[in-house]
Each structure stands twice: as structure tokens, then as C-alpha cells.
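**Student:** I'd like to ask you about the structure that follows.
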Amino acid sequence: MLKRWKIGTSDAAAAQKLKQQGGISQLCAEVLVARGITSLEQADRLLSGNDISDPFLMKGMQQAADRILQAVDNAEKICVFGDYDCDGVTATVMLTDWLNYAGADVIWYIPTRKEGYGMRPEAIRSLHQQGVSLIVTVDNGISALEEAKLIRELGMELVITDHHRPGDTLPEAVAIVDPFQPDDISPYKTICGAVVVLKLIAAMDGGDIDPAMEQFGDLAALATIADVMPLTDENRLIVQRGLQLLSNTERMGLISLMAVCGIADGAPITAQTAAFQMIPRINAAGRFASASTAAKLFLTDDPDEAQLLAAEIHSLNNERKRTEQEILAEIQDYIRENPSTLSQRVLVFAGENWHHGVIGIVAARLMDRYGKPCFLMSCEEDGYRGSARSFGAFSVFECLKYCEKHLLRYGGHPGAGGFTVSAEEKDAFAAAIQRYAREHNPVMPISTLTAERAIDLSMLTVENVQGVAILEPFGEGNPKPLFVLEQVQVTDVYALSSGTHTKVRIQKNRVQQDVLIFRFSPAETGIQPGMVLDFLISTEVREYQGRDTLSLQAVDWRISEKMQEQSIAAQTAYDTYIRQEALPSEAYYQRMCPHRNEMIAVYQMIKKEGCISITQLCQRMQNSGMNLCRARVIADIFSELGLLIYDAVDDQLAYTEALRKRDLNESEAYRKIWALASASAK
């Protein structure tokens, strides 16, 4: 699906000045200037980050530390109650590990994904029967109003540590530590649950953050990256230090986890390495089995047990990837049979026995691929359980709230959410989603990608790209720099990993580079040798056979800016037409209605070549006024007549041997657009 590019401009003089003053590479200076940083003072503030603030500035911290230490001194049984994602697992491990070192009588509990997020009455009663007198939540608890009452009624006490936003009423607890609770004066609030625990550990150790960082900074860094916290200020410092600690960790579980990830012992670890290799495996335990497996991995001191648990998590992650691909393939088959689905304002898909642990990931992939909000739901015992992802002005939470009369339960925020709907209400819910989108987003958001600037291939050297590394760690709030390569020629296209990925060789002004495209087969890219394209890329330096090599990865590609904007407008018009909504002007029907000689030319071209992408079709016939909208109408007509096959997933038209000659007027799609175009011309 088409995306809009927002490309920054370069101030060459300012970049040159910053380069000279700071002794940094030209490309690094260009990135800083593109982000509005033109002085060494500004650069230092960005790169250094703020010191970690005094943990006692967080409301409730003193009370929480005192009560937990009292429980340790009195040999009370303590339960650390966590969550099944990476943040919840690492926070559970950190606090449990510290309490074990302090000599506490401590157990931990992480619910399964099937149990659901947060505390449940059954689990609380079970802990009471085990003799627990103090429950300390990590990464949850701020909304546990009824559960807190039950804890008090059973004679236990509760300390809540969380980082989610509270409701109007707070639970009953001995202490609540949450940066978003009323009257909290801590200066930096966008921290994950594990960092709240890091500060709690520091508070129990007298307020000194350094010992806590030395012992648990590696886990806190992983959690911060996993929970997509902004990598600025305190978080930047925690992740910088934590990644250094991770490279030299003595924690058996992390050593074994890095081994199954293929990370060399002692190798520098970036935020991207953590995000794309380590964290998915940690989360896979909670998605496919029990997050307890990951917690046990990080708590064990036994190298043999660590290797076994890491291997189990690695296997679960492979299962996660296979399951994702199976669900995605099923949805893509549906799209091929029902291409008009992609014209809806919101993509909504339902299936049987889709693993609820991965449908959120699949929804995110579909949203990224097709540039539209996506709702996925899978049939389970109590109805359909679903997950949604969105971007821009379309709010998942507000949409779910609008549809709440159809739902059994729901929750979330603007970008993501979860829900359960009965089988009887499923179709009504799907219709309500589209109705909400039509009423509240008459113009649906266009996915936008931001690049620092357009650069020449000649600027992409190992030295220049290595120079940008001082801006790491990259992540939320400090994104990895993206660059645009304009009007480069494609010389070769290669399939990688049995067609799962693609490598494209490009050149311009006698400079040649390879660009990798992940999760797209060559057919899905629509790229062929000889095409002249713009590429939006990220850069990286990797070690290969003992030397540093440059790696370019394509985030997106297009024919040109002008064609992109025309294509976005044409795609929007086509989607509007397919949804049977009014177009801005009747003249649109004339521009999207194909002429007979044009259709003959398309048919003959595809018969000769076998197949061609819609993008290529528009490029080759642009002199005759071909646009994406008209090309899609042609695809619909020929598909209906059985003369060509349109693959909506690959966005390609392919030749097929027709059983008999067909007349265009046999096509309902052709008759409809011709009638509308004729009426608008009068």
C-alpha cells in the first residue's frame, strides 16, 4: 500500500560547522541538523541524557520500600506478581532476585496469557492459601480495584508498582508507586514497569541507583526497548548503560539467550539487536507457553538449565514465526479471493483457531503492509477474541468505545487494543467498525514515513555510517535515521531465503550498492531490472568475514514523488468508488474509465510478458494517462471476464488462457463505470 514520504532538507553550512566543532562524520552532522540540532550544547543534551532522578521523588516510594523491607525483616512470605510480556517478566525477575539476595521468603507469580492481564481472584486466593502476607505487583495493579479489596478482606497487604495510567479511583494499598498517579512529582514519567522496579530497588538500598543499575541495568534496558518507551533523557541513559552491561553480562540466562540468537560472546549489542532478536524470544514464551519459562531462564544460576530453557524459548519463537506466517497466508488467500476487502477504510479479518498470542503481531504487519488500521479476531470458546492496531488520527480505543454495545469486553489506547465479541455480534461489530471510521475519519490517515534527507549513493560509506552510531540507542523518540536515494537504476533482483526476502542491486553515477528488502518476495516488491526508483533506506555496518561491510535495508520504494502523490490520490479514489461512496466530482468517473484500445494494449502487454505489476503498468503507460485507479478498474474487468488474473497481495495482473472469447459488455464492472462516465460527460 502506498505511503507518503516526509523528507527533511539539508543545511549544508550548519552541518559542516557542527562537523568541525564536534569532530563527527558529515552524515552524523546532517542527521543532527535535520532534527533541529545545530549546536554542540544541543547535541550534548541529546547524546548524554539526564541523570536518573532520585527514586524518592516518586510518590509512595518511601512507603513501598519501608513495607517491603519490613516484610523481609519479619520473614513474611512475599509474592511478586508480574505480567507475561518482556517488561513484566524482567520486572518480576529483578525484584525477586533482589529479595532473594536480601534473604527474603519470596515467591513470584506470572499469569498465563489465557488467564489474562493483571491479578485475578483465583490467583489471589491461591497465594493466600500458600501463606503469602504481602503481594507486590510489577507492571500491573493500578486498575485492580476489586482485587485490592479481596486482598484486604483475606488479611493480606498490597504494594502496587506500575507505569500505566490510573483511573479516577486508585486501589486500596499500603503503597502505590506509579509516575502517573496524582501528585507524583518525579520529573520523568514515561518509564516502563521494570524501571519503576529499578528505582524501587535503589530506594530499598538507600536511594543509590548505581548498585541497582550494575545488577539489573541489562534487564531494565531490555524492558525499556520492549515496551517502546522513548529513548530520551533517563531512558536513554538506562538503555545506553544497560546495553553495555548486556554485552558483558554474567547472568546465565542472558548468556544462553544471546547464544541461541547467534550473538557472539562479548559482541556489542544495539537496541535493534535487542528489539529484533532477543525480545521476540522472551515474548514468545508468554505467547505460546508460559512467561514463567523466561522468568526461570533469567533467575537460574545453573548453566545447563539456562541452556535448556533458552533452547525451549528459541523453539517457541520459531513456532511463533510459523504460526504468524500461517495466519498471514490464510488472510492473504482471503484477500486474493476478495480483493475489494483492501478498499475498506479498516481491514477486518476473522478466523478459526488463530493463536491469540500472535494476532496482534499479524495485525501490525497487515497495517504496515497495507497502510490501514487492522482488526483481527479468532473464534474461541467464549466468542471471538481480537486485537487491533492503528496509526495517525484513527483511534482504536475510541472505535472500540463506539462499538461497545457489540462487545463483551475491550481495552486499549489510540494505537492498539484488545476485545472480545460474541459470535452473534461479530458481523454487527465489523459493520460498526466501518461505520465509526466513516463518521469520525471521513478522510482516512495516510501512513507517513519520515526521512532525514535525500543523499547520494557516494555518501554511503562505512566510515560515514559508522559515524552515525554515536546517536544510538535508536528507538522510540530517537528513531534510526532513514535516507532517500533518488532515481537510482535497478540492475538486478535476487530472491533470498527461498523467496522470503529480496536483494536489489542498484546503481547511479557508476556507484553500485545492494539493498535488502525483508519479508517481501521479488514478486511482491513489483521491482524488476531496468526500473528507475526512489528508495527509502536505513543503514547499518556489519562485520562479514572479518571486515566491516555496509548494509542497506529498504523501508519503502516508489517511482517518484510526483507519481507517489498521484497514486495516493488515485488509490483513495478507487477505494471510495469500490465502497460505493460519493467521489468529490463526477469528472472522476471519466478519468477512471478505461478506453477499449487502452484495455487491448494492457491485455496484449500481459499476454506477451506473462504478468506485470500495477505499478509497472502505470509507469509504462503514463504517457497515455494511465493511473493506479484506472489500472485497478481494468484489473477488475479482466478478472471478472476470466481473461486475466489479478493478485491483490502481489498487486499483479497475470495472463490466463481464456476458455472462450469474451465481450467487454459482459462485465458488470465495465458496464457500471462506463455508465457513470457517460452520465458525468453530459
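**Student:** Can you compute 3J(HN,Hα) from phi for each residue in segment 261-276, using the Karplus curve 6.51 cos²θ - 1.76 cosθ + 1.60 with θ = phi - 60°, rounded to whole Hz and x for Gly and Pro?
**Tutor:** Computed from phi, the couplings for segment 261-276 are 7, x, 8, 5, 4, x, 5, x, 10, 9, 4, 5, 4, 5, 5, 9 Hz.
**Student:** Ranking request for peptides 419-425, 230-236: highest mean number of other beta-carbon atoms within 10 Å first, then the rest in descending order.
**Tutor:** 230-236, 419-425
**Student:** While we're on this one: Could you name the lysines whose alpha carbon sits less than 28 Å from that of Lys508, not counting residues in the same chain fewer than 8 places away?
**Tutor:** Here the lysines satisfying the reach criterion relative to Lys508 are Lys3, Lys6, Lys19, Lys480, Lys562.
**Student:** Something else: What are the ³J(HN,Hα) values, in whole Hz, obtained from phi via the Karplus relation 6.51 cos²θ - 1.76 cosθ + 1.60 with θ = phi - 60°, for each residue of segment 143-160 in sequence order, with x given for Gly and Pro?
**Tutor:** These are the phi-based 3J(HN,Hα) values: 10, 8, 5, 5, 5, 5, 5, 4, 4, 5, 4, 7, x, 9, 10, 9, 10, 9 Hz.
**Student:** Tell me the net charge near Ser53. Cut-off is 11 Å between Cβ atoms, Ser53 excluded, with +1 for each Lys or Arg and -1 for each Asp or Glu.
**Tutor:** -2
**Student:** Sticking with this one: Send over a whole-number figure in Å² for the accessible area per residue of segment 555-650, probe 1.4 Å.
**Tutor:** Roughly 45 Å² per residue, with all protein chains present.
**Student:** For Ser378, tell me the accessible area in Å² from a 1.4 Å probe, rounded to the nearest 10.
**Tutor:** Surface open to solvent at Ser378 totals about 0 Å².
**Student:** Report Rg/Rh for the chain, rounded to two decimals, where Rg is the Cα radius of gyration and Rh the Kirkwood radius.
**Tutor:** For the chain, the value is 1.00.
**Student:** Near the amide H of Trp5, under 5 Å away, which other amide H atoms are found, from residues 5 or more places off or on another chain, if H is placed in the peptide plane?
**Tutor:** Leu449
**Student:** Shifting gears a bit: So, in Å, what gap is there between the alpha-carbon centers of segment 52-89 and segment 401-460?
**Tutor:** Each part reduced to its Cα centre gives a spacing of 36 Å.
**Student:** Can you tell which of Thr448, Val33, Asn353 lies farthest toward the positive end of the dipole of the chain, using +1 and -1 charges on the Cβ of basic and acidic side chains (Lys, Arg; Asp, Glu)?
**Tutor:** In the chain, that residue is Thr448.
**Student:** Relative to the present Cα-Cα distance, how much length would full extension add between Leu57 and Gln70 at 0.36 nm per residue of separation?
**Tutor:** 2.6 nm
**Student:** What whole-number value in Å² describes the accessible area per residue of segment 224-375 for a 1.4 Å probe?
**Tutor:** Dividing the accessible area of segment 224-375 by its residue count gives 39 Å².
**Student:** Using Cα-Cα distances under 8 Å and only pairs 6 or more residues apart, what relative contact order does the chain have, in percent?
**Tutor:** The value is 11 percent.
**Student:** Out of residues 5 or more away from Leu482 or on other chains, whose amide H comes under 5 Å of its own, with H placed 1.01 Å from N in the peptide plane?
**Tutor:** So Leu482 has HN proximity to Glu452.
**Student:** If you roll a 1.4 angstrom probe over the protein chains with everything in place, what fraction of the accessible area of the chain belongs to carbon and sulfur, to the nearest %?
**Tutor:** Result for the chain: 48 percent of the exposed heavy-atom area is carbon or sulfur.
**Student:** Count charges around Phe391 for me, please; just the other residues with Cβ under 15 Å from its Cβ, Lys/Arg as +1, Asp/Glu as -1.
**Tutor:** +4
**Student:** Explain nothing, just compute: Karplus ³J(HN,Hα) = 6.51 cos²θ - 1.76 cosθ + 1.60, θ = phi - 60°, for every residue of segment 101-107 in order, whole Hz, x for Gly and Pro.
**Tutor:** So the Karplus estimates, Gly and Pro as x, are 4, 7, x, 6, 8, 10, 10 Hz.
**Student:** About its Cα centre, what dipole magnitude does the chain give when the only charges are +1 on Lys and Arg Cβ and -1 on Asp and Glu Cβ, stated in debye to the nearest 20?
**Tutor:** Computed about the Cα centre, the dipole is about 3260 debye.
**Student:** Please calculate how many Å² of accessible area segment 29-107 carries per residue, with a 1.4 Å probe and no DNA, RNA or ligand atoms counted.
**Tutor:** Spelled out: the 1.4 Å probe surface of segment 29-107, per residue, equals 38 Å².
**Student:** Quick one: net charge of Gly526's neighbours, Cβ under 10 Å, K/R +1, D/E -1?
**Tutor:** -3
**Student:** May I ask you to list the lysines whose Cα is less than 17 Å away from that of Lys77, ignoring any residue fewer than eight positions away on the same chain?
**Tutor:** Excluding near neighbours in sequence, the set is empty.
The values are calculated or read from the model by the stated rules, or taken from the named source; none is laboratory data. Quick caveat: nothing in here was measured; it's all calculated off a predicted structure. Quick reminder, even Gly has a Cβ in these numbers, built from the backbone with ideal geometry, and neighbours come from all protein chains shown. All accessible areas refer to the heavy atoms of the entire protein, side chains included, with ligands and DNA or RNA removed. Shrake-Rupley method; radii C 1.70, N 1.55, O 1.52, S 1.80 Å.
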